1. When you go through (1) within 27 Å of residue A:125 (Cα to Cα); (2) modelled with pLDDT of 95 or more one by one for residue A:65, which number turns out not to apply?
2. Determine which member of the set A:70, A:45 is more than 24 Å from residue A:88 (Cα to Cα) and assigned to a helix (DSSP H, G or I).
3. Residues A:96, A:82: which one is away from chain B (no Cβ under 14 Å), surrounded by fewer than 22 Cβ atoms within 10 Å (Cβ to Cβ) and closer than 23 Å to residue A:16 by Cβ?
4. Can you tell me how many residues within the range B:158-198 are part of a helix (DSSP H, G or I) and either of a type in the set (Ser, Thr, Tyr) or in contact with an Asp or Glu (Cβ under 6 Å, 6 or more places away or on another chain) (or both)?
5. Would you mention how many residues in the range B:241-255 are over 15 Å from residue A:75 (Cβ atoms), in contact with a strand residue (DSSP E or B) (Cβ under 8 Å, 6 or more places away or on another chain) and more than 7 Å from every other protein chain (Cβ to nearest Cβ)?
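The values are calculated or read from the model by the stated rules, or taken from the named source; none is laboratory data. What you see is a predicted model, and the numbers here were worked out from it, not measured in a lab. We place every Cβ from the backbone using ideal geometry, glycine too, and count neighbours over all the protein chains shown.
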Amino acid sequence: MTQGLRATYDREYDEICQDLVLMGQKVENAIEQAMTALVESDIPLAKEVITSDEQINHLRFKIEEACLVLIATQQPTASDLRSVVAVMHIVIELERMGDHAAGIAKAVTKMEEEPMLKTLKKIIKMADLSEKMLQDCLQAFVKRDSTWARQIAAQDTEMDDLYRSVFDKLVAIMAENKKLITRATYLLWCAHNLERIADRVTNIAEQVIFMTTGNMGELNL
Amino acid sequence: MDEFLIVFKVSHLNFFYSLSQALGDISMDIYQRQVTALIGPSGCGKSTFIRCLNRMNDTIPGTRVEGSVLLNGEDIYAASVDLAYLRQRVGMVFQKPNPFPKSVYANVAYGPRMVGLASKRSELDELVEQSLQKAALWDEVKDHLNEDALSLSLGQQQRLCIARLLAVKPEVILMDEPASALDPIATLRIEELIHELKKEYTIVIVTHNMQQAARVSDVTGFFWLGEMVELSPTQRMFTRPETQLAEDYITGRMG
């Protein structure tokens with residue numbers, strides 16, 4: 001048995017994975033900075049998050065192009081083929097997660113006053129959880145660990161609970177005090193974006209399971 | 001695969017050359033009007049295996065067969081089997097086209113004449129045309145039927161060999177690397193032809209070209225060191241093979 005027969009393929013695929021991880025880190029960064037901008041009402045920082053979303057979009061196209069070239073020139077099969085296809089799905093999810101982070105930043109630029117403290121704490125919790133899920137999921141991708149991917153996806157329930165509680169709280173605030181409706185709506189907007197980010201982490205987890213096991217299917221139905 | 005009839009039923013087939021065992025305990029079903037591809041590294045036994053299906057290995061001295069090969073329920077290794085008739089039913093195409101050094105017409109007419117499939121000239125003409133049509137060669141050679149077959153291109157010669165085989169009305173076509181001596185266009189012609197032929201015939205193809213196996217076959221068998229390690233529907237074999245050995249082979253991690 002000879003190893004390294006597909007050294008070129010392996011090298012090119014590794015480069016794609018490195019770009020994917022880099023893209024994931026940029027998304028994590030964007031979420032973190034959007035949250036800092038929210039907590040500190042830092043409009044310039046929020047604007048920066050919105051502009052730098054372009055870099056995330058650019059990486060998506062770069063990775064998709066590299067996958068296309070790899071398929072055309074190397075004709076991957078079996079787990080190789082599944083991995084390339086998974087990468088192509090994952091970059092779409094990451095790109096959309098970048099849009100969600102930019103969505104939070106946009107809300108910050110529109111919010112004229114500081115957000116309500118009590119609800120904000122829960123939203124910070126949501127952000128921490130979504131970042132952790134994303135970080136772990138990228139690691140599970142690199143390590144090709146389907147068991148871990150399944151565990152990460154299971155955390156989405158916690159996220160949904162947090163979102164529901166934030167939602168209820170904000171609706172109650174709006175019902176109580178009409179003056180707070182605009183601020184509360186923007187906060188709800190932020191929370192919704194975070195909840196969507198966690199959903200997309202779940203989609204990435206599905207791809208990790210697909211590429212490692214060949215099983216296609218939806219988690220958290 | 002249950003909806004397809006079994007043409008070949010191979011059970012516990014062992015095959016020995018005079019000094020060594022080449023096939024170990026192979027059992028598989030080959031289905032009617034399906035293309036079965038056999039892949040695996042050189043020397044893994046895939047060619048030896050298909051040559052067991054029409055007893056081509058009998059021509060090699062000192063070989064021995066154990067186990068059974070049933071063709072439509074009949075044991076092809078039974079003493080009563082007429083070898084010429086068996087090879088008429090189970091035809092073979094080889095790596096290098098091997099037309100007779102005769103005219104195009106004579107090549108295709110040779111078999112039917114030998115086995116008496118056509119008594120009149122008009123019947124023979126019709127059978128030759130039909131066979132060339134089925135081999136997707138008619139349009140190219142209809143005005144050159146009396147020319148030397150060796151003046152055709154290699155790809156045309158290979159299709160001529162297929163026409164020659166079709167003329168004796170086989171049930172199964174065995175193909176041993178039928179396109180490996182051909183350029184990419186001639187290769188695609190053969191592959192398209194395989195798609196057409198499988199409407200009427202059962203095809204078993206040995207190929208080193210895994211993309212070819214993926215393109216033309218319904219079922220793929222992976223051979224390794226004389227054993228059949230995995231037999232899976234082709235779509236499965238090339239997307240999620242069941243065995244690590246097959247995975248390593250088709251992704252090019254071993255060979």
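1. (1)
2. Numbers: A:70 fails: more than 24 Å from residue A:88 (Cα to Cα).
From the options A:70, A:45, the qualifying one is A:45.
3. Numbers: A:82 fails: away from chain B (no Cβ under 14 Å).
So the residue among A:96, A:82 that is away from chain B (no Cβ under 14 Å), surrounded by fewer than 22 Cβ atoms within 10 Å (Cβ to Cβ) and closer than 23 Å to residue A:16 by Cβ is A:96.
4. Our first condition is that a residue be part of a helix (DSSP H, G or I); within the range B:158-198, this holds for B:158-166, B:184-197.
Still in the running and either of a type in the set (Ser, Thr, Tyr) or in contact with an Asp or Glu (Cβ under 6 Å, 6 or more places away or on another chain) (or both): B:187.
The qualifying residues number 1.
5. 4
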